[in-house]
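Heads up: the structure comes next, in C-alpha cells.
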Amino acid sequence: MKKSEVKLFKDRLLALRARLRGDVSQMADTALRKSRSEANGDLSSMPIHMADIGTDNFDQEFTLSLMESEGDALKQIEVALERIDEETYGDCEECGAKIPKARLTAIPYTALCVKCASSSEQGS
C-alpha cells in the first residue's frame, strides 16, 4: 500500500477515534446522572412512578452497553494505528494476505480479510 493511502487511512482512524472518544465521554455523563428527577433538578419529595424508574434503568443499561461497544471499537482503532506504525496495516493478521482497500474503507480498523473474518464469525 502506498504511503499516501496509508496516511489517508491513518487520518480516518484518528478522526474516528476522536469522535468515539467524545461519544463515550458524553454517554458516560448521561449514564452516571442519578435519575430523571435529579437530572431535571426536581428535588421534591413527590414519589416517582415505577414506569419512570424502569425507563431510567433501561436507558442507563442501554447507554452502558453502547459505551462498551464503542470502547471495543476504540481498542481496535488503537491496534490499527499501531499496525500503521509497524507498517503491517492492510495485512490480514490470520493469513497474511492483503486486505482489500474496499474493506479497509468500510471498516478502517479491521485486522482480518473477508475470508478470515467470515471464518472467525462462524467459529464463534
If you scan region 60-118, which residues turn out to be hydroxyl-bearing (S, T, Y), within 17 Å of L20 (Cβ to Cβ) and surrounded by 15 or more Cβ atoms within 10 Å (Cβ to Cβ)? T63, Y109, T110
Look at region 1-22 and say how many of its residues are without any contact (Cβ under 8 Å) to a residue 60 or more places away in the chain and out of contact with any Gly (no Cβ under 9 Å at 6 or more places or on another chain). 11
Output the qualifying pairs, or none if there are none: Cβ atoms under 7 angstrom, residues six or more apart or on different chains, first residue in region 89-105 and at negative phi, second residue of a type in the set (G, A, S) and not in a strand (DSSP E or B). Y89/A80; E93/A111; K98/G90; I99/G90; L104/G90
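Read the figures in this text as sums done on the coordinates, not as results from a lab. Everything numeric in this text was worked out from a predicted model, so none of it was measured. Reconstructed Cβ throughout: ideal geometry from the backbone, glycine too, with neighbour counts over all protein chains shown.
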